[in-house]
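The values are calculated or read from the model by the stated rules, or taken from the named source; none is laboratory data. Since this is a predicted model, take the numbers as computed values, not measurements. All Cβ positions, glycine included, derive from the backbone under ideal geometry; neighbour counts span all protein chains shown.
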Amino acid sequence: MRRISLALTAAVLLAVGPSFYGQAALPARGATAGNGTVVAAKPADVPVTRVVLFSSGVGYFEHNGAVSGAATSDLRFETAQINDVLKSLVVYDRGGGQVSSITYPANDPVNRTLRSFEVNLSGDPPLAEVLKQIRGAQVSVNVADETVKGSILGLEQKDRVVGRADAEKVMRAWMLNIITDSGIRSVSLDDVRKLEILDEKIKK
């Protein structure tokens, strides 16, 4: 069993104290079993054992705890404090072990993450808007009892008559234009039973 120590300096509110949202994982070196396989690290409790608050609004926080074998420990702090934490965090194993890595999760908004994809899915776009973004991609579309394969030429809205003869009405419908081996096919999205994207890059 070994002792792990963590120390950091961060700006705090002296009257209230910090609240913790961000998270850092601090894995110790993985132990190895007799057969050469790496043993998975287990969570370890490394509580705060010392706090020093300065009149300048800066606080010193020290964590100490005992670990056995490979272990990980979570350190929680406000996202706004991450710069202070990264500049002042010190981690060491007083039992002769080695800290392998320090990581923290990304805090990008979901919309920014979605925009980084090949297809922008932010804002929950309808199918027509998604297909517009992949114009030129190879697709396979099942309509009624046939399958149409080809590349997407584009989409357009057309008037479509629906209903019985005595109660007909005109509705706007999205039409998917596909370039096939036999020419251009126009398919109503309302009639599509299945649509498969064949472009491997987009699928990933």
Do we have V187 as assigned by TED's automatic domain parsing to the domain that holds A128, under 36 Å from the mean Cα position of the chain (by Cα) and touching a residue at least 40 places away in the same chain (Cβ under 8 Å) here?
yes
Residues of the range 143-157 being over 14 Å from D191 (Cα atoms) and in contact (Cβ under 8 Å) with a residue 24 or more places away in the chain, in sequence order, are K149, G150, S151, I152, L153, L155
Expected single match for modelled with pLDDT of 75 or more and not basic (K, R) among F77, F54 is F54
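Return yes when S101 is assigned by TED's automatic domain parsing to the domain that holds S188 and either loosely packed, with under 15 Cβ neighbours inside 10 Å or modelled with pLDDT under 75 (or both) and no when it is not.
no
Yes/no per residue for (1) in contact with a strand residue (DSSP E or B) (Cβ under 7 Å, 6 or more places away or on another chain); (2) at pLDDT 90 or above; (3) surrounded by 11 or more Cβ atoms within 10 Å (Cβ to Cβ):
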{"site": "D159", "(1), (2), (3)": "yes, no, no"}
{"site": "A165", "(1), (2), (3)": "no, no, no"}
{"site": "M175", "(1), (2), (3)": "yes, yes, yes"}
{"site": "V187", "(1), (2), (3)": "yes, yes, yes"}
{"site": "D199", "(1), (2), (3)": "yes, no, yes"}
